[in-house]
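Q: Before I ask anything, here is the structure I am working with.
Read the figures in this text as sums done on the coordinates, not as results from a lab. Bear in mind that the values here come from a model prediction, so they are computed numbers and not experimental data. So basically every Cβ, Gly included, is an ideal-geometry build from the backbone, and we count neighbours across all protein chains shown.
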Amino acid sequence: MRLIDLSGKGRGPISGRGRQVYELSKLILTAQYIPIIGGGKARWNHIHVADLSNVFLRLVEAAVAKNNDSELWGAKGYFLTESGEHIWSELAEQIGREAHEMGLLSKQPQTQELSKDAAMKQAGFEAVSWGLNSRGKAERARKVLGWEPSAPSLEADIPNILKAEHEALASAK
């Protein structure tokens, strides 16, 4: 199973919250440091949840239209989605800077090593993934489905993620 990191507010009825970047933001807001796992060089793909849902929409539309193109289904019916990739440590540092600039932290947080075990206690696998690599390219989605990501980038969405996490933390008190 290939994992991607979702950003953006979900449109579903249960949870509009992604996991990995949201948990990273939550940790930065609560612990007031920037967690680095391992060497801090792990790379990961990301995609806005609206862009991901548009890939599913194109596939459903093809199915409804009874499009039996072998490029869509069967052995070739595997599509990766991504709108870019990030290095976890750089993303964590950007989140820390944004949180400080937004006034959510009283001082600029410093980097601090986070062990795999401590990460598991923080947020389970989502936090451990901050030290793992998961990379792919959405070549088939672009070529076969004519799909292109169009939602805001992960970097542009960081203020919204921080705001949502800050509000969730405040309402949990």
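Q: To the nearest 10 degrees, how steep is helix 20-31 against the longest Cα principal axis of the chain, on a 0 to 90 scale?
A: So the inclination is approximately 10 degrees.
Q: Using a cut-off of 21 Å between alpha-carbon atoms, which lysines can reach Lys66, once sequence neighbours fewer than 8 places away in the same chain are excluded?
A: The qualifying lysines are Lys76, Lys143.
Q: On a 0 to 90° scale, report how tilted helix 88-101 is relative to the longest principal axis of the chain, with both axes built from alpha carbons and the result rounded to the nearest 10.
A: The helix 88-101 is inclined about 60 degrees to the chain.
Q: To make sure I understand the rule: partners must be lysines, Cα under 29 Å from the Cα of Lys173, and not fewer than 8 residues away in the same chain. Which ones qualify?
A: Straight-line reach from Lys173, under 29 Å: Lys9, Lys26, Lys107, Lys116, Lys121, Lys163.
Q: Go ahead and run the numbers for FRET between Phe125 and Leu57, Cβ-Cβ distance against an R0 of 22 Å, rounding to 0.05.
A: Values: r = 28 Å, r/R0 = 1.27.
The calculated FRET efficiency here is 0.20.
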